[in-house]
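Just so you know, all these numbers are worked out from the coordinates, no wet-lab data involved. Computed from a predicted structure; not experimentally measured. Using ideal geometry, Cβ is built from the backbone for each residue, glycine included, and neighbour counts are taken over all protein chains shown.
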Amino acid sequence: MKRVKVGVIGTGFIGPTHIEAIRRLGFVDVVALAGHGQESAERKAAELGIPKAYGDYRDMLEDEEIEVVHNCTPNQLHFSINKEIILAGKHIISEKPLAMSSVESAELLSLAKEHSVVHGVSFNYRQFPIVKQLAIMIKKEELGRINLVHGSYLQDWLLYETDFNWRLAPEVGGKSRAVADIGSHWCDTVQYVTGKKIVEVFADLATVIPVRKKPSSTQETFGGQALTEAEYEDIPIDTEDYASVLIRFEDGTKGVFTVSQVSAGRKNRLSFEVNGSKHSAQWNQEEPEKLWIGHRDKPNELLMADPSLFAPEAKAFIHHPGGHNEGWPDAMKNMMMNFYSFIREGKDPNHDETPFATFEDGHISMCITDAILQSHEQQKWMKVESIKEVSL
């Protein structure tokens, strides 16, 4: 069986996470790693057991052995590097956000289609077994007509004024932070589950900590280093720590969500509830093996992740018997499995259905983020202008 050869750009938190998920597949080899400078790349490649190291990702794109490239760099590099990967004729998985604006993401989507490369975006929450099961239940109208969708994505890793990370700088992370970073995951997951697109938003954003103390040494995401007062400098913050957004779906269904990176005790709590005309369902990523199902006229239920209880279409997403919990890394593995199986089977990204988030999903996410920022600025409902841009 032919093995797929892969290169990864980026050595921070998410790059090694991609590598770990890829290696669990069994038919894909990570053969190259590109970092910032040759010495740093060689050190990280040796640490991760990767044979080739490139100090400049452009040199890696010339490597004919490599068929697929993962872009795991900071946000401001996504557009330019994604574009170069596509023009090099490589299949691609990009971290989100896909770009820094919907104009850029529209260009990437058009290029990916033109060059017929397989393109994926790392929206891995839709790959949880329970999420797939719920999507099937909703498609079969087991909850009835969907009336309301509501939820949140809460974290606490930026709770203190001394918490600092590159994502706080607009020139690196983008004009939006909490919405683009975690709100994008919430919106993608909910759109996937319901099968409905978000078409209009009304947003309220806030910077809870307007001035932060930047440490003189670099902090990794979720690092939580402790430094003395003398080792900080005060930095004004313009991006949002918090947002609440009213949403309208294409069929008139209504909803609301809150995102926060300053909610003590909430580590990575993506949660949502779908209220139907017959039943409700609620899921929380911090307890990924449980789906709460609510009833009016009988006791509520708790569906546990168990292949023997799942719909046939969802069974492939769960890999262990009931009670053997599968979580965030397993959802990442499912995404990689679906992406690389698509490549191995020789499918056409322009014609075949893709069982993973694509650049089209990444573009739609950028359009939602842009609309949220415009809504907050103008304090009014804003339409998500994505349909005309997707059909380039």
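Loop-only check: which GluC sites (Glu not before Pro) in segment 1-105 are DSSP coil with at most 13 other Cβ within 10 angstrom?
Here the sparse-neighbourhood loop sites are Glu62, Glu64, Glu65.
What is the antiparallel percent of DSSP beta bridges lying wholly in the chain, to the nearest 5?
Here the share of antiparallel DSSP bridges comes out near 60 percent.
Could you check the spin-label model distance between Tyr232 and His36? Points 7 Å from the Cα along Cα→Cβ, value in nm.
2.3
What lysines sit close enough to Lys315 to cross-link, taking a C-alpha to C-alpha distance under 24 Å and skipping anything fewer than 8 places away on the same chain?
Output for Lys315: Lys132, Lys139, Lys140, Lys196, Lys290, Lys333, Lys347.
What are the ³J(HN,Hα) couplings of segment 21-27, residue after residue, when phi is run through the Karplus curve with 6.51, -1.76, 1.60 and θ = phi - 60°? Round to Hz, x for glycine and proline.
Couplings: 5, 4, 5, 6, 6, x, 10 Hz.
Pop out the ³J(HN,Hα) list for segment 187-196 in order, Karplus 6.51 cos²θ - 1.76 cosθ + 1.60 with θ = phi - 60°, rounded to Hz; leave Gly and Pro as x.
Karplus values, whole Hz, x for Gly and Pro: 5, 5, 4, 5, 5, 5, 5, 7, x, 10.
With no solvent and one point per C-alpha, what does the Debye sum give as log10 I(q)/I(0) for the chain at q = 0.14 Å⁻¹?
Per q value, in the given order, log10 I(q)/I(0) is -1.34.
Apply the Karplus curve 6.51 cos²θ - 1.76 cosθ + 1.60, θ = phi - 60°, to the phi angles in segment 50-67 and return the couplings in whole Hz, x for Gly and Pro.
Rounded to whole hertz, the list is 10, x, 10, 10, 10, x, 10, 4, 4, 5, 5, 5, 8, 6, 5, 5, 7, 9.
Let me have the 222 nm mean residue ellipticity of the chain computed from DSSP H runs of 4+ only, each contributing -39500 (n - 2.57), with the sum over all residues rounded to the nearest 500. List each step's numbers first, then the result.
On the way: 11 runs with 117 residues, N = 392.
Estimated from H runs of four or more residues: -9000 deg cm²/dmol.
Specify the residue with the greatest mean-square fluctuation among Asp348, Asp306, Asp156, computed from a Gaussian network of the chain linking alpha-carbon atoms under 10 Å apart.
Greatest mean-square fluctuation among the candidates belongs to Asp348.
Taking K and R as +1 and D and E as -1, what net charge do the other residues with C-beta under 11 Å from the C-beta of Lys315 add up to? Let's see the in-between values first.
Details: positive: Lys132; negative: Asp306, Glu313.
Overall, the nearby charge balance is -1.
Between Leu25 and Lys139, what is the label-point separation in nm under the 7 Å Cα-to-beta-carbon projection?
Label at Lys139, label at Leu25, 2.2 nm between them.
Which of Asp251, Asp241 has the fewest other C-beta atoms within 10 Å, and how do the rest follow up to the most?
Ordered from fewest to most neighbouring Cβ atoms within 10 Å, Asp251, Asp241 come out as Asp251, Asp241.
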